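The values are calculated or read from the model by the stated rules, or taken from the named source; none is laboratory data. The structure displayed is predicted, hence computed values, not measured ones. Cβ coordinates were reconstructed from backbone atoms using ideal geometry, including for glycine residues, and neighbour counts include every protein chain displayed. SASA here: full protein model, heavy atoms, side chains in, ligands and nucleic acids out. Shrake-Rupley method; radii C 1.70, N 1.55, O 1.52, S 1.80 Å.
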Amino acid sequence: MKRLLLPLLGAALLLPGAARADEIAEATHAARPGTPGVWQRVEPGEQAVRGLDGKLHSASCSGFPGTDARFSFWVRPGRSRNLAIYFEGGGACWDNTSCSFPVAGLPANVPQFFVPQVPPGTDPAAMDGLFKSDNPANPVRDWDMVYIPYCTGDIHTGSTDKTYTSVGNPALGIPAGTPITVKHRGFDNFMVVMDWVRRHVRHPHKVLVAGSSAGGYGATANSPWVGQLFHDAQLYVLADASQGVTTPGFDSGNPGRNSWNPQWHRRTFGSGDFPGNELMRRAARADRKGRYAQFSTAFDTVQIQFYGAMLQGGYGVPSCPNIPLDWHNKAALQLSADAAELRNYRHYVAAGQYHTLLRSAQFYAEQSAGPVVADWLRDMLQGRGLGQGDGQGNGQGHGQGGHWQNEACPDCLAQLPCS
């Protein structure tokens, strides 16, 4: 099996000690407007809270052997009455093979599928892109921000403990046949975070729900809950490097996506029996007042590798034996179809093969499709680019016209011949 090049969505600096939720609440309100921009970590512990779905939830990472199962998240107050919620990425696991190989600093020849714990040293203050608060080109630099780490292997949607059988990971000393229980608790973690947000964040005018890779799926899937909580705010959703090119066997299988017991917002997604490439379409279609967007490169290496892993695992058959071309053609077809159908949706398709940009300096440099991505997002957030009657709602400037359009590099949405 080819090694999956999963980026560790962590950072290099350690925060000072974590604060209790009540301390963060005090800091959030006291820091505005005198000392905005200070990130602090919240450790919710194991205490169950009542989620937006009316059920009890407690927070946890995967609990993979030898890892730290404690979950924490980060918050930063800003000057504006707007809020950005970011879902971190870090792979996924769904069967005996994928769940036997976490991202754990293993040798280069060992496959790595998912981040099993909050990486030590995670610090949003050290990140670029959306988190660069001193860059005047950052359209959310003065917003309240919440950073949701990812350590459950379930694209932030799971709510179950699943026992797999190790296929043998000599790099970690786990023999074949060993039972491994993975806590797929990404949705529970999200509900715990939103309980804190509900109690401590003042009501925003605008809310951006964004995420990268697995976090892009999490942002899209969980955005209806955010919209339900802040129903008077204008909702924006941005999925980075999460195009939903999956297989029918993965989408409906257990093992597969149903290994996670995913918790879909039923009014938006129905029972959950839908193809992965319809996630963004269903979210945008159910919320005509919201604005929805996707970013991807034309040949995203990591997305292609995960699609290849599904095919290699027997979860489907490719339309084209050239897996990168098969992935590209399916992604391009879906992006074009969504743009044609959805008036409140836009995409940005860049040249190249890199994976994600919302946490990197590339956010301010990428312009292979025309505008710089940071400017394209600014146009989205400022209500530019929708005509009269498109996405009208909440008094946030829709219908002004402008520049938020579907953008793609030359031929990046072309259907390429299979070879």
Taking the range 219-261 as the search range and keeping residues that are of a type in the set (Ser, Thr, Tyr) and assigned to a loop (DSSP other than H, G, I, E, B), which one is nearest to Gly90 (Cα to Cα)? Ser242
Residues of the range 269-302 satisfying the condition of being modelled with pLDDT under 95 and touching a Lys or Arg at 6+ places or on another chain (Cβ under 6 Å): none
For the range 42-62, which residues satisfy the criterion of being farther than 19 Å from Asn222 by Cα, modelled with pLDDT of 95 or more and either open to solvent by 30 Å² or more (accessible area, probe 1.4 Å) or not in a loop (DSSP other than H, G, I, E, B) (or both)? Val42, Glu43, Pro44, Ala48
Evaluate the range 153-164: report whether one residue or more is outside any helix (DSSP H, G or I) and basic (Lys, Arg). yes
Suppose the filter is under 18 Å from the mean Cα position of the chain (by Cα) and among the basic types (Lys, Arg); does Arg198 pass it? no
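Identify, from the list Gly387, Gly393, Gly370, the residue that is modelled with pLDDT under 95 and out of contact with any Lys or Arg (no Cβ under 7 Å at 6 or more places or on another chain). I'd like the intermediate steps shown before the answer.
On the way: Gly393 fails: out of contact with any Lys or Arg (no Cβ under 7 Å at 6 or more places or on another chain); Gly370 fails: modelled with pLDDT under 95.
The unique qualifying residue is Gly387.
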Among the listed residues Gly177, Gly129, Gly158, which satisfies the condition of being farther than 24 Å from Leu381 by Cβ, touching a Lys or Arg at 6+ places or on another chain (Cβ under 7 Å) and modelled with pLDDT of 95 or more? Gly158
Can you tell me which residues in the range 404-419 are in contact with a strand residue (DSSP E or B) (Cβ under 7 Å, 6 or more places away or on another chain) and part of a loop (DSSP other than H, G, I, E, B)? Trp404, Gln405, Asn406, Cys409, Cys412, Leu413
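If I ask for residues that are under 30 Å from Trp39 (Cα atoms) and open to solvent by 10 Å² or more (accessible area, probe 1.4 Å), which ones from the range 145-184 would you list? Let's see the steps before the verdict.
Step one: of the range 145-184, the residues under 30 Å from Trp39 (Cα atoms) are 145-159, 182-184.
Ile155, Ser159, Lys183 - these are the residues of the range 145-184 that are under 30 Å from Trp39 (Cα atoms) and open to solvent by 10 Å² or more (accessible area, probe 1.4 Å).
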Of the conditions (1) over 28 Å from Pro255 (Cα atoms); (2) touching a Phe, Trp or Tyr at 6+ places or on another chain (Cβ under 9 Å); (3) of a type outside the set (D, E, K, R); (4) in a loop (DSSP other than H, G, I, E, B), the single one that Tyr354 does not satisfy is (2)
Restricting to the range 303-314, name every residue that is out of contact with any Pro (no Cβ under 7 Å at 6 or more places or on another chain) and either within 27 Å of Asp411 (Cβ to Cβ) or open to solvent by 30 Å² or more (accessible area, probe 1.4 Å) (or both). Gln303, Gln305, Phe306, Tyr307, Gly308, Met310, Gln312, Gly313, Gly314
Going by what's in this entry, would Phe299 be described as under 12 Å from Gln243 (Cα atoms), in contact (Cβ under 8 Å) with a residue 24 or more places away in the chain and open to solvent by 30 Å² or more (accessible area, probe 1.4 Å)? yes
Count of residues meeting criterion [among the charged types (D, E, K, R), within 25 Å of Val197 (Cβ to Cβ) and open to solvent by 20 Å² or more (accessible area, probe 1.4 Å)] in the range 83-133: 2
Of the residues in the range 263-284, those that are open to solvent by 20 Å² or more (accessible area, probe 1.4 Å) and either touching a helix residue (DSSP H, G or I) at 6+ places or on another chain (Cβ under 8 Å) or over 29 Å from Ala350 (Cβ atoms) (or both) number 12
Report whether or not Leu56 is of a type in the set (A, V, I, L, M, F, W, C) and without any contact (Cβ under 8 Å) to a residue 40 or more places away in the chain. yes
Scan the range 324-370 for residues that are open to solvent by 40 Å² or more (accessible area, probe 1.4 Å), more than 17 Å from Asn406 (Cα to Cα) and free of Cβ contacts under 8 Å to residues at least 60 places away in the same chain and report the count. 4
